Ligand code: 5GP
């Protein structure tokens, strides 16, 4: 799948539409999901044109891959989610229900999150 530069997260990265920012560095941007599925629901996206996880791992530099994952970790630490726990999810492709074709990880927390699939 080709990367669509007009996807909603590309527009957020270019500051063409606003987001409720949680964290940003040279590798990643984290912001609150517009339609939260848990009391804490944050999206973390890499700075670059990657449709999903496999595309990212195939094309991104080692520096970006490391920086992106460290950014996710920083968000988890800054929001102090490690003690009570959190879920890290990335929907990739049709069967997973991915709706925005720019790689993103969901950080979900703040309550008992239940079963993994098909609730
Ligand atoms: P997916 O379904 O691709 O795994 O996740 C996409 C997520 O992006 C959804 O949870 C959806 O609520 C969120 N989302 C879609 N549009 C926007 C937006 O304009 N702003 C923010 N903050 N989140 C969005």
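Just so it is clear, none of the values below were taken in a lab; they were calculated from the coordinates. As the structure is a computational prediction, the values presented were derived from the model and not from experiment. Positions of Cβ are generated from backbone atoms using ideal geometry, with glycine treated the same way; all protein chains shown enter the neighbour counts.
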Once both axes come from the Cα atoms, what is the angle between helix 62-78 and the longest principal axis of the chain, in degrees from 0 to 90, rounded to 10?
-> 30 degrees
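What number results when the radius of gyration of the stretch 1-40, computed over Cα atoms, is divided by 2.2 N^0.38 Å?
Numbers: Rg = 11.5 Å, N = 40, 2.2 N^0.38 = 8.9 Å.
Cα Rg divided by the expected 2.2 N^0.38 Å: 1.29.
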Convex hull projection area averaged over all views, the stretch 30-82, Cα basis, nm² = 4.3 nm²
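To make sure I understand, if each residue's beta carbon is the centre and we count other beta carbons within 10 Å, what order do 42, 17, 12, 107 fall in, fewest to most?
Values: 42 25, 17 11, 12 19, 107 22.
The most exposed by this proxy come first: 17, 12, 107, 42.
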How would you rank 43, 116, going from fewest to most other Cβ atoms within 10 Å of each one's own Cβ?
-> 116, 43
Once both label points are put 7 Å beyond Cα along the C-beta direction, the residue 20-residue 63 separation in nm becomes 3.4 nm
Fewest-first ordering of 51, 83 by Cβ atoms within 10 Å yields 83, 51
Once the Cβ-Cβ distance between residue 91 and residue 34 is put in as r, and R0 is 22 Å, what FRET efficiency do you end up with, to the nearest 0.05?
-> 0.90
Equivalent ellipsoid, the chain (semi-axes from 5 times Cα gyration tensor eigenvalues, Å) | 22, 17, 15
